[in-house]
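The values are calculated or read from the model by the stated rules, or taken from the named source; none is laboratory data. Everything numeric here is computed off the predicted structure, so don't read it as measured data. A quick note on method: Cβ atoms are made from the backbone with ideal geometry, for glycine too, and the neighbour counts reach across all protein chains shown. Only protein heavy atoms, including side chains, enter the accessible area calculation; ligands, DNA and RNA are left aside. Shrake-Rupley method; radii C 1.70, N 1.55, O 1.52, S 1.80 Å.
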Amino acid sequence: MNFIRLGAVAGLVCFVLFTISGCDSEQKSFPVDRLRVRQGDEQCALAGQKFPHKVRIEADGPLQSGFLSSSRPPASGRKLKIIPAPGSDLKISSSELTTDAGGAASFDVWAGGKVGDQYLKVIPEDSPEKNITLRFMAGMSVSGDRQQAAAGKAAEHPVVVKLASPDGKPAVNVPVFFSFSSAPDGEPDGAKILPSQVLTDANGNASATIVAGRKTGVYKFNIEVAAPDKGFFVRSTDFTLFGLNVSGVIIAVLGGLAIFVFGMKIMSDGLQKVAGDSMKKILQFFASNRFVAVFAGATVTAVIQASAATTIMVIGFINAGLLNLQQAVGIIFGANIGTTVTAQIISFNLSGIALPAIALGFLVTLSKKRTVCGWGETILGFGLLFFGMQMMSEELKVLGKFQNFIDFFNLFDCAPTTPGGFMPFGAVMGALGIGIVMTVLIQSSSAAMGVILALAAGNLINFYTSLPLLLGTNIGTTVTALLAALGANRVAKQAALAHTLFNLLGAIFMIALLYVPYGPQRTPVYLYFVNAITPGDALGVVPQNLERHIAMAHTFFNVIVTALLLPFIRQFVWVCNWILPATEKSSDTTMLEPHLLSTPSIALEQSVFAIRKMLKIAWSMIDDSVNRSFLPRKLPMELVKDVAERENTVDTMRSDVTDYLVKITRGELSASQSAIIPLLMHCNNDVEKIGDHADNILKLTERSLKNGKAFSDTGMKDLRKMWEVLDEQAHSVIKALGSTNPELAASALKNEKKINKMADKYENEHMERLRKGNCQLCNS
């Protein structure tokens, strides 16, 4: 085991785990450094009416720099003053507000008797210089805003601007100007509004037709009203049209997902090159203790980025007889913790370093050194992972503004319908099912979590909905292991069952916690816990830091379930044995286990063990042929038949070992691993030849019996002496195969020299006896 490489990877894993901690149990109070308008600016309403949307302000604290990213914490508990600008007669629901735990505050606004542009100032009491100004348009309403249209097509309804004087009468013959403002890529790309100027009719209405561009995204158009003589003057204000290019969205989202999965694979392959086989061999060598087994499973899964892959390896080890079920269950528990590292990594907003990482990683991969190349692949995969995530997130963020998509995701929205109410059980089960299906289709729980985080970034799902979805990914990932265990022995099937039961029990436990309210808002206790230890308020009206909350919920869910079940691991194993009882026959091991091919060092060890087993059989054939037939000058037919059957077994094993060694060569091997395979091929062929010699000895015995000729007593004595040395050498070779004791190999080589001398000596003495007529030739 290369401890330097192992140490490097362990250090990387520790660094990741340190970075992902990101929890802050104490919500500090920060001064207001920035105010943001989340909703309610630039609204229109007729005189005396309430503006349709509540104004929501978000107060942020000073920028906090981290090692990988920077963020602004919420400025909670800060007072904001709401003051109408001079000359404005807007009315507000409250002139003084206090920000909540998420730094948010909201209020309602009504239009007064004046028409045209009106303004409000929002002033932080402790940082008045950070104030912002909001604009409202009184005496005007706009319908047809925020429509959806197919790419290149006109919206279903025209945009209608209605103007009314302070007394409520329609404003007639007032000029309204329409113009294009912005598009997804800056260019109109076919987006337009016609006509560009309209006079209001007898009802005070002015309408225009809007056409979307050919790309998916938000198209904005301007409205201006300029009639000072009639009391109307409204500076440019925007309205929105959502254009949807279905094929473009599908290609972008699936392309981003493909890049994400590809990057995850390259990063995993790179880390495995850095660590060699060390990380995977941990599963075999550090599974004796349940706590160490959990650590081993978590560490390996964090490196190879897939709990299903770890479970498949475990199934391979069990099927090959390298692990027992109790050891395997501990590793499986740890694998569920390790798989959460991926979600933790991608929950950070690191898209800015994606392209530099891709460029740097590519250059480093050009190195001819395996370890350096492995680090290059790790960096390259890291960059591709975030680049694919960015592609998905950007596309889904756009779709998050489309009402049709919002309505679709609302079908399984798990948020309580009333404050303090329970999460709708049907929606929870629906979201759980979607998570399962999504993971089965993608065949990666980490990739499925990437999709969930992208949906959260696009505001298409909330914190309530994310938890059932991630529980579904945990269940869905077990399907891969179940399929891998179909051709394995019963104990391996029990391990796959243990993986499924663990995730099912964990999901049931967590769903139960969703219906245990806690706190003044009667929030589900687990969501309350995660929200309390993670910066930001994911349960607020405007969710904050939602991706980090989801990643933390994923990690703590698996940690908590593991902690609860680990003390009962023996009972857990008993349940698996009870559901799938194993008989002696159903527990037969498969030495040349296909699932071990991804771990060349262990696969080569299994090849050596298979050759050793084959050698034992071949030597038993020689032993029986010599001691039960040749030396006692007998030819039992049952022995002839038995030797023939064992020869067929050896021939089959030789073919199997050869095929297995060829399959090993198709993977990535180190120089020493590549060098040993030709030697094993020769050993494999030589063992098969030993079996052939047993048949030759029986045929020689048959010829001797037919001719009635025999060796002299001296010759037979010499043969028995040589047999003793040869038998000793054979047993030394059998012990040496798969052993690291050099004395066994030295003993075999020493006996070889001794046998060669004995052969030369006895052959010369035999020829001398033949010359003197003391022995007779056996005619064929």
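When THR658, THR714, THR701 are screened for being open to solvent by 40 Å² or more (accessible area, probe 1.4 Å) and either part of a helix (DSSP H, G or I) or at pLDDT 85 or above (or both), only THR714 passes. Among the residues here, PRO128 qualifies as open to solvent by 20 Å² or more (accessible area, probe 1.4 Å), free of Cβ contacts under 8 Å to residues at least 12 places away in the same chain and within 49 Å of the chain's Cα centre (by Cα). Scoring PRO86 on the criteria (1) over 30 Å from GLU224 (Cα atoms); (2) open to solvent by 30 Å² or more (accessible area, probe 1.4 Å) leaves a single failure, condition (1).
Yes or no, residue by residue, for (1) within 30 Å of ALA746 (Cβ to Cβ); (2) surrounded by fewer than 17 Cβ atoms within 10 Å (Cβ to Cβ); (3) in contact (Cβ under 8 Å) with a residue 12 or more places away in the chain:
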position	(1), (2), (3)
ALA671	yes, yes, no
ILE690	yes, no, yes
ASN707	no, yes, yes
VAL733	yes, no, yes
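Each residue in the range 458-474 was checked for being part of a helix (DSSP H, G or I) and open to solvent by less than 20 Å² (accessible area, probe 1.4 Å), and 11 pass. Of the candidates GLY450, GLY519, GLY458, GLY420, the single residue that is out of contact with any helix residue (DSSP H, G or I) (no Cβ under 8 Å at 6 or more places or on another chain) and small (Gly, Ala, Ser) is GLY420. If the condition is being open to solvent by 40 Å² or more (accessible area, probe 1.4 Å), within 27 Å of LEU244 (Cβ to Cβ) and of a type outside the set (Ser, Thr, Tyr), then the range 153-189 contributes LYS153, ALA154, GLU156, HIS157, PRO158, PHE180, PRO184, ASP185, GLY186, GLU187, PRO188, ASP189. Among the residues of this structure, ASN404 does not count as one that is open to solvent by less than 10 Å² (accessible area, probe 1.4 Å) and assigned to a helix (DSSP H, G or I). Is the range 216-237 home to any residue that is of a type in the set (S, T, N, Q), open to solvent by 40 Å² or more (accessible area, probe 1.4 Å) and within 22 Å of GLN49 (Cα to Cα)? Looking for residues that are of a type in the set (S, T, N, Q), open to solvent by 40 Å² or more (accessible area, probe 1.4 Å) and within 22 Å of GLN49 (Cα to Cα), one finds at least one in the range 216-237, hence yes. For the range 546-567, residues that are buried (at least 21 other Cβ atoms within 10 Å of the Cβ) and either free of Cβ contacts under 8 Å to residues at least 24 places away in the same chain or in a loop (DSSP other than H, G, I, E, B) (or both) total 0. Select from the range 413-431 the residues that are assigned to a helix (DSSP H, G or I) and among the hydroxyl-bearing types (Ser, Thr, Tyr) and list them in ascending order. Selection gives nothing. Scanning the range 109-123 for residues that are in contact with a Ser or Thr (Cβ under 9 Å, 6 or more places away or on another chain) and over 30 Å from LYS230 (Cβ atoms) yields a single hit, VAL122. The combined condition, being closer than 30 Å to GLU58 by Cβ, among the β-branched types (Val, Ile, Thr) and either more than 43 Å from the chain's Cα centre (by Cα) or part of a loop (DSSP other than H, G, I, E, B) (or both), is not fulfilled by VAL172.
Filtering the range 95-115 to residues that are more than 27 Å from ALA164 (Cα to Cα) and not hydrophobic (A, V, I, L, M, F, W, C) leaves SER95, GLU96, THR98, THR99, ASP100, GLY102, GLY103, SER106. Name the pairs whose Cβ atoms lie under 8 Å apart, with the first residue in the range 462-480 and of a type in the set (Lys, Arg), the second modelled with pLDDT under 90 and open to solvent by 10 Å² or more (accessible area, probe 1.4 Å), and 6 or more positions between them or separate chains? Close Cβ pairs satisfying both conditions: none exist. LEU669 falls short on exactly one of the conditions (1) within 17 Å of SER607 (Cβ to Cβ); (2) part of a helix (DSSP H, G or I); (3) touching a helix residue (DSSP H, G or I) at 6+ places or on another chain (Cβ under 7 Å), and that condition is (2).
Considering the conditions (1) in contact (Cβ under 8 Å) with a residue 12 or more places away in the chain; (2) under 47 Å from the mean Cα position of the chain (by Cα); (3) surrounded by fewer than 18 Cβ atoms within 10 Å (Cβ to Cβ), LYS114 is excluded by exactly one of them, (2). Of the conditions (1) crowded, with 20+ Cβ neighbours inside 10 Å; (2) under 23 Å from THR555 (Cβ atoms), GLY374 clears all except one; give me its number. Only one criterion is unmet by GLY374, namely (2). If you go through the range 441-452 one residue at a time, do you hit one that is under 14 Å from the mean Cα position of the chain (by Cα), open to solvent by 50 Å² or more (accessible area, probe 1.4 Å) and in contact (Cβ under 8 Å) with a residue 12 or more places away in the chain? Looking through the range 441-452, at least one residue is under 14 Å from the mean Cα position of the chain (by Cα), open to solvent by 50 Å² or more (accessible area, probe 1.4 Å) and in contact (Cβ under 8 Å) with a residue 12 or more places away in the chain. For the range 525-545, a residue qualifies if it is part of a loop (DSSP other than H, G, I, E, B), among the polar types (S, T, N, Q) and open to solvent by less than 50 Å² (accessible area, probe 1.4 Å), and the qualifying residues are THR534, GLN544.
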